[in-house]
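Student: This structure is in structure tokens; I'll ask about it shortly.
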Amino acid sequence: MTSILGIGECMIELSSAGDDLWRQRFSGDVFNTLWYARAHANAEIETKFHTAVGIDPISDQMLAFAESGGIDCADTPRIADRRPGLYTIHLNGAERSFSYWRDTSAAQMMVREPGQLWSKVSDAKVVYFSGISLAILPPEDLEIFLAGLAQYKSDGSILAFDPNIRPHLWNDTKRMLDVTTKAAALSDLVLPSFEDEQTAFGDATPEDSAKRYADLGADHVVVKNGEAETIHLQDDVISGFSVAPIEGVVDTTAAGDSFNGAYIASLMNGSTIEASIRAAQRCAGNVICHKGAIIPFDALGLKA
């Protein structure tokens, strides 16, 4: 079967349930993308996740939740002295900010059993990772990871990368930019968000971001830009796709992740670029009208 493999982090998500109560869920940028890819992918496309977790009950609960959404977590490394990371969502209207506790996150150790990882990479049609996947790895593991992606991906498979630039995860800005650039240069599909790119690289327009990544060697680039046009670049042709107005926005968490998942799955289903971007925009629009990163499949308005 054809498969998409996501490599990254899943965390414990806590969001306000009112009256000093917290609602526990699971989330992480790569995991979120896989969740929405699974929702949109045809039945014959497998969705797989490589991370690392602890041996504690909440790690068991996390893996069970992923499996309940049709995400295969087979051969997940279990790290005895580690636990899942945790974050809280703070909302100001619909805009969100986060507080994180991930110093002892098991996901940081996800390259420590590379045989399992490279076997999954070599079997996958699409391998998806993010700038957060890179930022949380110890430096030596990061170098092993990037080299392994290039070495072990199969002929004809696609490396898909969302830079998802988070400066607070990096001790050195130059290194952050260098690693992001190196990862993008390995990738076939790059899915940046313009706000991140403008802040980190000083790009003046979304088109500038798209051209910079294409110049590094990406086959095609899709630049997300909130309510503004989504920009697509392939074969030196730039196209813009307007975003339909969304009413009832309550939480923009995972807007970009859900876009990525729907876009990749739609392409794997055989849809055109335009149809895939429209599906991704609709998915993100549905997600931001709900609280939290993960919403049930039946809330996406997809045909059964």
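The values are calculated or read from the model by the stated rules, or taken from the named source; none is laboratory data. Predicted model, so just to flag it, every value in this text is computed and none were measured. Note that we place each Cβ from the backbone using ideal geometry, even for glycine, and neighbour counts take in every protein chain shown.
Student: Taking the conditions exactly as written (over 29 Å from K48 (Cα atoms) and surrounded by 19 or more Cβ atoms within 10 Å (Cβ to Cβ)), does P206 satisfy them or not?
Tutor: yes
Student: Would you confirm, using the coordinates I've provided, whether D81 is in contact with a Lys or Arg (Cβ under 7 Å, 6 or more places away or on another chain) and more than 15 Å from F26 (Cα to Cα)?
Tutor: Details: in contact with a Lys or Arg (Cβ under 7 Å, 6 or more places away or on another chain): no; more than 15 Å from F26 (Cα to Cα): yes.
Spelling it out, it is not the case that D81 is in contact with a Lys or Arg (Cβ under 7 Å, 6 or more places away or on another chain) and more than 15 Å from F26 (Cα to Cα).
Student: Tell me the helices (runs of 4 or more DSSP H) entirely within the stretch 13-127 that contain at least 1 residues that are touching a His at 6+ places or on another chain (Cβ under 9 Å) and more than 24 Å from A280 (Cβ to Cβ).
Tutor: Correct list: 114-123.
Student: Regarding the stretch 87-95, can at least one residue be identified that is among the aromatic types (F, W, Y), surrounded by 14 or more Cβ atoms within 10 Å (Cβ to Cβ) and at pLDDT below 95?
Tutor: Applying the first criterion (among the aromatic types (F, W, Y)) to the stretch 87-95 yields 87.
Among the residues that remain, those that are also surrounded by 14 or more Cβ atoms within 10 Å (Cβ to Cβ) are: 87.
Narrowing further to those that are at pLDDT below 95: 87.
So far as the stretch 87-95 goes, yes, one or more of its residues are among the aromatic types (F, W, Y), surrounded by 14 or more Cβ atoms within 10 Å (Cβ to Cβ) and at pLDDT below 95.
Student: Ok, one more. Hey, among A135, A184, A200, A160, which residue is over 22 Å from M110 (Cα atoms), of a type in the set (A, V, I, L, M, F, W, C) and either in contact with a helix residue (DSSP H, G or I) (Cβ under 8 Å, 6 or more places away or on another chain) or surrounded by 14 or more Cβ atoms within 10 Å (Cβ to Cβ) (or both)?
Tutor: Sole residue among the options that is over 22 Å from M110 (Cα atoms), of a type in the set (A, V, I, L, M, F, W, C) and either in contact with a helix residue (DSSP H, G or I) (Cβ under 8 Å, 6 or more places away or on another chain) or surrounded by 14 or more Cβ atoms within 10 Å (Cβ to Cβ) (or both): A200.
Student: Answer yes or no as to whether K125 is in contact with a helix residue (DSSP H, G or I) (Cβ under 8 Å, 6 or more places away or on another chain) and not small (G, A, S).
Tutor: yes
Student: Same structure, new question: Could you please give the count of residues in the stretch 230-262 that are modelled with pLDDT of 95 or more and among the acidic types (D, E)?
Tutor: The qualifying residues number 3.
Student: Would you check if there is a residue in the stretch 169-180 being over 30 Å from G226 (Cα atoms) and either among the charged types (D, E, K, R) or in contact with a Cys (Cβ under 9 Å, 6 or more places away or on another chain) (or both)? Spell out the reasoning first.
Tutor: To start, the set of residues in the stretch 169-180 that are over 30 Å from G226 (Cα atoms) comprises none.
No; the residues of the stretch 169-180 include none that is over 30 Å from G226 (Cα atoms) and either among the charged types (D, E, K, R) or in contact with a Cys (Cβ under 9 Å, 6 or more places away or on another chain) (or both).
Student: Output the residue which, of all residues in the stretch 16-42 that are of a type in the set (S, T, Y) and modelled with pLDDT of 90 or more, is surrounded by the fewest Cβ atoms within 10 Å (Cβ to Cβ).
Tutor: Going through the qualifying residues, I end up with S27.
Student: Let me ask you something else. Hey, does the stretch 261-278 have a residue that's in contact (Cβ under 8 Å) with a residue 24 or more places away in the chain, hydroxyl-bearing (S, T, Y) and in contact with a helix residue (DSSP H, G or I) (Cβ under 6 Å, 6 or more places away or on another chain)?
Tutor: Within the stretch 261-278 (the criterion being in contact (Cβ under 8 Å) with a residue 24 or more places away in the chain, hydroxyl-bearing (S, T, Y) and in contact with a helix residue (DSSP H, G or I) (Cβ under 6 Å, 6 or more places away or on another chain)), the answer is yes, since at least one residue qualifies.
Student: Can you find a residue in the stretch 160-167 that is among the hydrophobic types (A, V, I, L, M, F, W, C) and either over 24 Å from S258 (Cα atoms) or free of Cβ contacts under 8 Å to residues at least 24 places away in the same chain (or both)?
Tutor: Scanning the stretch 160-167 turns up no residue that is among the hydrophobic types (A, V, I, L, M, F, W, C) and either over 24 Å from S258 (Cα atoms) or free of Cβ contacts under 8 Å to residues at least 24 places away in the same chain (or both).
Student: Also: Cβ-Cβ distance below 7 Å, separation of 6 or more or different chains: which pairs start in the stretch 144-157 with a residue that is in contact (Cβ under 8 Å) with a residue 12 or more places away in the chain and end on one that is among the basic types (K, R)?
Tutor: L146/K182; S157/K125
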